[in-house]
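**Student:** Below you will find the structure I want to go over with you.
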Amino acid sequence: MRAHPAGPLHGGLQIPDGIGPQPADVNAVDPHVWPHGARRTDGVLTIAGAKVTDLVADHGTPAFFLDEDAFRSRSRDFQASFDGMDVFYAGKSFLCSSVVRWLDEDGLGIDVASGGELALALRSGFPAERLALHGNNKSAAELTAAVDARVGRIIVDSFDEIDRLAGIAAERGVVQPVQIRITVGVEAHTHEFIATAHEDQKFGFSVSSGDAAAAAERVLATDSLELLGLHSHIGSQIFDLSGFEVSARRVVALLATLRDAHGVELPEIDLGGGLGIAYTSDDDPLEPKQVAASLREIVERECAAARLAVPRVSVEPGRAISGPPTITVYEVGTVKPVVLDHGTRLYVSVDGGMSDNIRTALYDAEYTCVLANRESDARPVAARIVGKHCESGDIVVRDLWLPGDVRPGDLLAVAATGAYCRAMASNYNMLPKPPVVGVKDGVGSVLLRRETLDDMFALDTGLAGTNEEEAR
Ligand code: LLP
């Protein structure tokens, strides 16, 4: 969170708390934040060769527009940078069948975190051996589906689960490969990491308490399970390698402990996801190549010191692949100047909000937003983009500068909304979920269609037979 002095002066005027300095150009489309190649054409924001005004004419608002080439070049960049390692895309950040097929074509794996994500990947034709199933409370049905599909690995997270999975695999006469999710005592978010404590959370087996070693022992003693390796995920939106370094060191140390205790050298380690992206011009993300080189070096060094063979390393980027390629476009409905003690804030209401982007309300996330249907040289004003939900915390972009003539009917585009926005969307206030439209070579095609009221009401047994679409 940013701290600003109350009521700073701006061009002789007082401006509201919280807002940063006015950017040199509020119409600018910063390539650091927007999908590669995004620009203004005749003043209109253009992504993947399509003007957002044309995309909106075809698909409406609010809508997510996903630059397909940008998505694919990011996943291919990870795949190429992590040469000799494995990349499992974290499907929780955004998943649909087209994404699954792209990942398959490009040779990545997928980390699925529920029976639903697993079913989507399988129904989309993804090879089960390149799937990894996660979750701290996988049901017997989810485990059974994964075992029956022959998923490549299940990341076990509790002693209850080890026993449950062992029983399911034994019943079917199969040996299920697993990794053990361990808690290495590191938690990293954004620029900070803490290398002690943070054991007090629901995921994984603690290394320091001895549970991680005990879990490995239990799996090793179970005929229906094959212990492939150890898994550690330390956090999200990380800009700093130091947390990964500590994590890698502790994972390798446990490999050595297990070798000494049981005479086995496990063939795999997974260091999780969490690489940060640029939501604003100030964010400075790591490059996949840099991360790959650094992880490779740390693991090799630690293994040499412990006289261990270097295991196969995998990672699970979600946001770093799915976040930057997608933008959300909204239509402005109302514009309301609110006079405060220190200046005026322009509340700009759009036709979506916390139901399509809960991240600002939930994590105080920051986003970049521009006027998309035109540029304007009107004097910039301190603004706040809010949604249409019945809740004052329904904020999409907390503080930004917008041209002062922003008005109803204008389009606003928010950058880098591909991760954890559509994936965490809800129907709060009975708003249908927006579509996700893939854009390539100037052409938009629907990947996920807009939800309709009929879709939502189909679940309400008291409304059976009232489907308007069918009635037509
Ligand atoms: N692997 C595991 C085991 C994870 O739990 C996660 C994310 C990832 C990989 C992918 O992390 P990423 O590379 O996307 O940061 N809803 C939050 C993020 C929750 C992340 C949960 N686990 C947000 O919107 O920021």
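**Student:** Suppose we filter the stretch 142-161 for residues that are within 16 Å of the ligand (Cβ to nearest atom) and either part of a helix (DSSP H, G or I) or of a type in the set (G, A, S) (or both); how many remain?
**Tutor:** 5
**Student:** Separate question: On the given criteria, is A28 closer than 29 Å to G274 by Cα, at pLDDT 95 or above and over 24 Å from the mean Cα position of the chain (by Cα)?
**Tutor:** So A28 fits the description; yes.
**Student:** A further question on this structure: I'm checking my understanding of the structure. Among residues of the stretch 329-344 that are open to solvent by less than 20 Å² (accessible area, probe 1.4 Å) and modelled with pLDDT of 95 or more, which one is nearest to the chain's Cα centre (by Cα)?
**Tutor:** This residue is V329.
**Student:** On to the next question. Given the criteria open to solvent by 20 Å² or more (accessible area, probe 1.4 Å) and among the acidic types (D, E), does D394 qualify?
**Tutor:** no
**Student:** Give me a count of the residues in the stretch 176-192 that are open to solvent by less than 70 Å² (accessible area, probe 1.4 Å) and not in a loop (DSSP other than H, G, I, E, B).
**Tutor:** Residues in the stretch 176-192 being open to solvent by less than 70 Å² (accessible area, probe 1.4 Å) and not in a loop (DSSP other than H, G, I, E, B): 11 in total.
**Student:** Within the stretch 269-287, does at least one residue satisfy the condition of being of a type in the set (S, T, Y) and more than 16 Å from the ligand (Cβ to nearest atom)?
**Tutor:** Yes: the stretch 269-287 contains one or more residues that are of a type in the set (S, T, Y) and more than 16 Å from the ligand (Cβ to nearest atom).
**Student:** Out of V329, V397, V310, V338, which single residue is free of Cβ contacts under 8 Å to residues at least 12 places away in the same chain and in contact with a helix residue (DSSP H, G or I) (Cβ under 9 Å, 6 or more places away or on another chain)?
**Tutor:** V310
**Student:** Here are some residues: R76, R40, R72. Which one is more than 25 Å from the chain's Cα centre (by Cα), at pLDDT 95 or above and either farther than 13 Å from T326 by Cα or not assigned by TED's automatic domain parsing to the domain that holds G352 (or both)?
**Tutor:** Checking each option against the conditions leaves just R40.
**Student:** Could you tell me whether P324 is of a type outside the set (A, V, I, L, M), open to solvent by less than 70 Å² (accessible area, probe 1.4 Å) and in contact with a strand residue (DSSP E or B) (Cβ under 7 Å, 6 or more places away or on another chain)?
**Tutor:** No.
**Student:** Report yes if T360 is at pLDDT 95 or above and within 16 Å of the ligand (Cβ to nearest atom), otherwise no.
**Tutor:** Yes.
**Student:** Just checking, does the stretch 312-320 include any residue being assigned to a strand (DSSP E or B), under 23 Å from K289 (Cβ atoms) and small (G, A, S)?
**Tutor:** yes
**Student:** If I ask for residues that are within 14 Å of the ligand (Cβ to nearest atom) and of a type in the set (K, R), which ones from the stretch 305-325 would you list?
**Tutor:** R319
**Student:** Go through (1) of a type outside the set (G, A, S); (2) assigned to a loop (DSSP other than H, G, I, E, B); (3) closer than 23 Å to K336 by Cβ one by one and return the number of the condition E451 breaks.
**Tutor:** Every condition holds for E451 apart from (3).
**Student:** Sort out which residues of the stretch 424-450 are within 16 Å of the ligand (Cβ to nearest atom) and open to solvent by less than 40 Å² (accessible area, probe 1.4 Å), and write them in order of number.
**Tutor:** A425
**Student:** What do you reckon, is L228 farther than 30 Å from A419 by Cα and not polar (S, T, N, Q)?
**Tutor:** Here the answer is no, as L228 does not meet what is asked.
**Student:** Which ranges mark the helices (runs of 4 or more DSSP H) fully within the stretch 33-130 that have 1 or more residues being touching a Pro at 6+ places or on another chain (Cβ under 8 Å) and not basic (K, R)?
**Tutor:** Where helices (runs of 4 or more DSSP H) fall fully within the stretch 33-130 and carry at least 1 residues being touching a Pro at 6+ places or on another chain (Cβ under 8 Å) and not basic (K, R), they are 52-59, 68-81, 97-106.
**Student:** Regarding the stretch 125-141, can at least one residue be identified that is in the same structural domain as I180 (by TED's automatic domain parsing), within 19 Å of A419 (Cα to Cα), open to solvent by 30 Å² or more (accessible area, probe 1.4 Å) and within 13 Å of the ligand (Cβ to nearest atom)?
**Tutor:** no
**Student:** Could you tell me whether V446 is outside any loop (DSSP other than H, G, I, E, B) and either in contact with a helix residue (DSSP H, G or I) (Cβ under 6 Å, 6 or more places away or on another chain) or under 30 Å from H189 (Cα atoms) (or both)?
**Tutor:** Taking the combined requirement at face value, the residue does not satisfy it.
**Student:** Additional query: Can you tell me which condition G115 does not meet? The list is (1) open to solvent by 30 Å² or more (accessible area, probe 1.4 Å); (2) away from the ligand (no atom under 13 Å from the Cβ); (3) on the phi < 0 side of the Ramachandran plot; (4) of a type outside the set (A, V, I, L, M, F, W, C), and all the others hold.
**Tutor:** For G115, the failing item is (1).
**Student:** Still on this structure, I have one more. Enumerate the pairs (first residue in the stretch 175-197 and closer than 17 Å to G273 by Cβ; second residue anywhere and among the polar types (S, T, N, Q) and within 14 Å of the ligand (Cβ to nearest atom)) with beta-carbon separation below 7 Å, excluding pairs fewer than 6 apart on the same chain, so at least 6 apart or on different chains.
**Tutor:** I182/S232; V184/S232; V184/S247; V186/S247; H189/S236; H189/Q237; T190/Q237
**Student:** Next question. Give R74, R164 a once-over and let me know the one that is within 16 Å of the ligand (Cβ to nearest atom) and open to solvent by 10 Å² or more (accessible area, probe 1.4 Å).
**Tutor:** R74
**Student:** Here is a list: C421, C369, C390. Which entry is assigned by TED's automatic domain parsing to the domain that holds T53 and within 16 Å of the ligand (Cβ to nearest atom)?
**Tutor:** C421
**Student:** Quick check on the stretch 216-245: of everything there that is under 12 Å from L258 (Cβ atoms) and within 16 Å of the ligand (Cβ to nearest atom), which residue is surrounded by the fewest Cβ atoms within 10 Å (Cβ to Cβ)?
**Tutor:** Restricting to residues being under 12 Å from L258 (Cβ atoms) and within 16 Å of the ligand (Cβ to nearest atom), the top hit is G229.
**Student:** Would you say A423 is under 26 Å from L448 (Cβ atoms), without any contact (Cβ under 8 Å) to a residue 60 or more places away in the chain, part of a helix (DSSP H, G or I) and aliphatic (A, V, I, L, M)?
**Tutor:** No, not satisfied.
The values are calculated or read from the model by the stated rules, or taken from the named source; none is laboratory data. On a predicted model such as this, the values are computed, not experimentally measured, just so you know. Cβ: placed from backbone, ideal geometry, glycine included. Neighbour counts: every protein chain shown. When the accessible area is computed, the model is the full protein with side chains, heavy atoms only, and any ligands, DNA or RNA have been set aside. Shrake-Rupley method; radii C 1.70, N 1.55, O 1.52, S 1.80 Å.
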